[in-house]
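What follows is a short report on a single structure.
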Amino acid sequence: MVEVKHVSKTYGSKKVIENLSVDIQPGKITSFIGSNGAGKSTLLSMLSRLISKDEGQVLLHGRDIHSIKPNDLAKELSILKQSNHIDLRIQVRDLISFGRFPYSQGRLTKEDWVEINKAIHYMELEEIQERYIDELSGGQLQRAYIAMIIAQDTDYVMLDEPLNNLDMKHSVQIMKSLRKMVEEMGKTAVIVIHDINFASCYSDRIVALKHGEIVREGPTEEMINSEMLKEVYDMDIPVQLINGERICLHFK
Amino acid sequence: MLLKRKMLLLGLLATAFSVLFLFWDIGTAFGYVFPRRLVKVAAIILTGSCIAFSTVIFQTITNNRILTPSLIGLDSLYMLIQTAIVFVFGGRQLAMMENRFHFVLSVGLMVLFALLLFRLVFRMEQRNIYFLLLIGIICGTFFSSISSFMQMLIDPNEFSIVQDSMFASFNNVNDDLLGISAIIMILTGVYAFPMLKYLNVMALGQDQAVNLGIPYNKIVRRWLIIIAVLVSVSTALVGPITFLGLLVANVAHQLFQTYRHSYLIIGAVLISIITLAGGQFIVEHLFTFSIPISVIVNFVGGVYFLYLLLKENRSW
Ligand SMILES: Nc1ncnc2c1ncn2[C@@H]1O[C@H](COP(=O)(O)OP(=O)(O)OP(=O)(O)O)[C@@H](O)[C@H]1O
Ligand SMILES: [Mg+2]
């Protein structure tokens, strides 16, 4: 379990996250939602030690994440940020192979390649695995990065807007593979997501942020309703049950 | 594999240039000329390697292909030290100063400065590498201004002595210093060796490096110290050749088109040796010592950069 205890983050004089506590339940998909600038990415980055926190603690299995050896932590918890632009002459396949670094420190073994090929297959990247990443579309690159995270094979997977740049088909594909990873391999996923209907259809729990605080959190069924949406987004959004899924009609 | 073949070619070229430089037109005074040329070749290999290695790594850490470690102010500090010695003790002193003492003093001060700078920056709230560069550039400008001020005050004859040390030169490298430099370099190399595996990952950027379990801040700090030591040693040995690192690191990236540092580093080192040995050959036989090698290096580097810019190559 990952426990977030009273974390705060201030940039300059602006409090971005204030005294926030949340438990990430294992074996579930938790979605962070909220409007732009609500502090979702900041929270996710603190959760995954990408940025430092001013106050508070993040515990993984009861241990402060900063007391865990970086390499061990990288086998437990992975993070993919919102945008990942780099100028590097590297093939998709080699990029994905970096996911194995925590295990083999750059000397890839046979088992590593098995995992890498599995990840390539999972994200359907076989056809473009030899391409250089500067020749990819935004969505292809995003999928390559997700494949790298899959190859990293951690119990906790944190993704900041994983559906960035993806078309409908691949968005669904990624959400389905996340569900599969959670259900079949017992992994735990934490995602930041803007598409409220993807959050509604695929996540187990929803944490709604506003101005750096949690306004509401709970199981998806209890969270997706007009009243919650009004509170989080200040919009009147009807919710309808279609094929057993709660769908928010937020387009008009 | 294509990359291996390119490497082989570079290796052959580097050897060929060194041999050419050693034996060309050696004449009858073999016993006198040959040892002196050997010292130069050794100095070329040492400084060429230091500069290539440190620049490739510096660019990887900063994820930026147009930076060079001398930006943190080491070159300007070196000039300031030379100027200050002449200013305080007079030009004869600089010329006569015990070589080893002078070398240790210069290297020591440069490394000390770098350590202080790193300590200062990493203690600050806004701990990032660009902030380090910013402070480094400001310090560099400050050192240059003090140097210029002192140069204005000293006697023109003495100024010409200072001026000599402004340009890198392999013509009067001292052979006692080669030994010390080589020892420092080897020790640094041993210290650096276990961290080489992190370089490919660090090229993916800080966030990915942290995600993949690299103790990022610690490793960056160590690399910076290594870079500072290597740049200081090579500068104290032959003088500042700011442009060389930029040139060879970029040619290596351009030539190998890879993220693998094993190729990039060895490639850059060989290119550096080729450039210096070729440059020194031209200096001695074409210009008969009338221009310093750094002028040639900067000229070639400048042309190469113009070419890169004109090609609007987005891959650097
Ligand atoms: N490095 C930074 N320096 C200063 N302010 C920052 C920094 N990073 C984020 N902020 C501020 O913190 C607040 C929260 O940012 P954050 O990136 O967490 O938002 P978010 O919820 O992820 O938004 P989005 O949906 O647009 O991705 C914003 O007001 C942002 O301007
Ligand atoms: Mg965000």
> So how many residues does region B:27-51 have that are in contact with a helix residue (DSSP H, G or I) (Cβ under 8 Å, 6 or more places away or on another chain) and either touching a residue at least 60 places away in the same chain (Cβ under 8 Å) or open to solvent by 30 Å² or more (accessible area, probe 1.4 Å) (or both)?
Replying inline: 16
> With A:91, A:25, A:105 as the choices, which residue is closer than 28 Å to residue A:208 by Cα and away from ligand 2 (no atom under 16 Å from the Cβ)?
Replying inline: A:25
>> Looking at region B:123-159 only, could you name the residues that are more than 24 Å from the chain's Cα centre (by Cα), part of a helix (DSSP H, G or I) and within 27 Å of residue A:11 (Cβ to Cβ)?
In response: B:123
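So, in region A:49-84, how many residues would count as being among the acidic types (Asp, Glu) and under 13 Å from residue A:154 (Cα atoms)?
Going through region A:49-84, the residues among the acidic types (Asp, Glu) turn out to be A:54-55, A:64, A:72, A:76.
With under 13 Å from residue A:154 (Cα atoms) added as a condition, the list becomes A:72, A:76.
Matching residues across region A:49-84 total 2.
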>> Looking only at region B:215-229, how many residues end up being over 30 Å from residue A:82 (Cα atoms) and either small (Gly, Ala, Ser) or open to solvent by less than 10 Å² (accessible area, probe 1.4 Å) (or both)?
In response: 3
> When you scan region A:1-83 for strands (runs of 3 or more DSSP E) that lie fully inside it, which ones turn up with 2 or more residues that are open to solvent by less than 50 Å² (accessible area, probe 1.4 Å) and at the interface with another protein chain (Cβ under 10 Å from one of its Cβ atoms)?
Replying inline: A:77-80
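Would you pick out the residues in region A:206-218 that are buried (at least 21 other Cβ atoms within 10 Å of the Cβ) and away from ligand 1 (no atom under 14 Å from the Cβ)?
Our first condition is that a residue be buried (at least 21 other Cβ atoms within 10 Å of the Cβ); within region A:206-218, this holds for A:206-209, A:212.
Residue satisfying the conditions is A:206 alone.
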> Only one residue in B:308, B:264, B:204, B:212 is within 14 Å of chain A (Cβ to nearest Cβ), within 30 Å of residue A:83 (Cβ to Cβ) and surrounded by fewer than 18 Cβ atoms within 10 Å (Cβ to Cβ), so which one is that?
Replying inline: B:308
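Just a yes or no: is a residue in region B:174-191 part of a loop (DSSP other than H, G, I, E, B), open to solvent by less than 30 Å² (accessible area, probe 1.4 Å) and closer than 21 Å to residue B:219 by Cβ? Walk me through how you get there before you give the answer.
Let us first name the residues in region B:174-191 that are part of a loop (DSSP other than H, G, I, E, B), namely B:174.
Adding the requirement that they be open to solvent by less than 30 Å² (accessible area, probe 1.4 Å) leaves none.
No; the residues of region B:174-191 include none that is part of a loop (DSSP other than H, G, I, E, B), open to solvent by less than 30 Å² (accessible area, probe 1.4 Å) and closer than 21 Å to residue B:219 by Cβ.
Rundown of residues vs (1) within 16 Å of ligand 2 (Cβ to nearest atom); (2) in contact with a Phe, Trp or Tyr (Cβ under 7 Å, 6 or more places away or on another chain), yes/no style:
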| position | (1), (2) |
| --- | --- |
| A:14 | yes, no |
| A:18 | no, no |
| A:35 | yes, yes |
| A:71 | no, no |
>> Within region B:29-76, take every residue that is among the small types (Gly, Ala, Ser) and under 17 Å from residue B:17 (Cβ atoms) and give me the one that is farthest from the chain's Cα centre (by Cα).
In response: B:42
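Which count do you get for residues in region A:178-198 that are away from ligand 2 (no atom under 16 Å from the Cβ), touching a residue at least 24 places away in the same chain (Cβ under 8 Å) and over 14 Å from residue A:158 (Cα atoms)? Let's see the steps before the verdict.
As a first pass, look at region A:178-198 and keep what is away from ligand 2 (no atom under 16 Å from the Cβ): A:178-189, A:197.
From what's left, touching a residue at least 24 places away in the same chain (Cβ under 8 Å): A:178-179, A:181-182, A:186-189, A:197.
Adding the requirement that they be over 14 Å from residue A:158 (Cα atoms) leaves A:186, A:197.
Result for region A:178-198: 2.
The values are calculated or read from the model by the stated rules, or taken from the named source; none is laboratory data. The model shown is predicted, which means the values in this text are computed figures rather than measured ones. Because the Cβ atoms are built from the backbone with ideal geometry, glycine has one as well, and the counts that use them run over all protein chains shown. Surface accessibility is based on the protein's heavy atoms, side chains included, excluding ligands, DNA and RNA. Shrake-Rupley method; radii C 1.70, N 1.55, O 1.52, S 1.80 Å.
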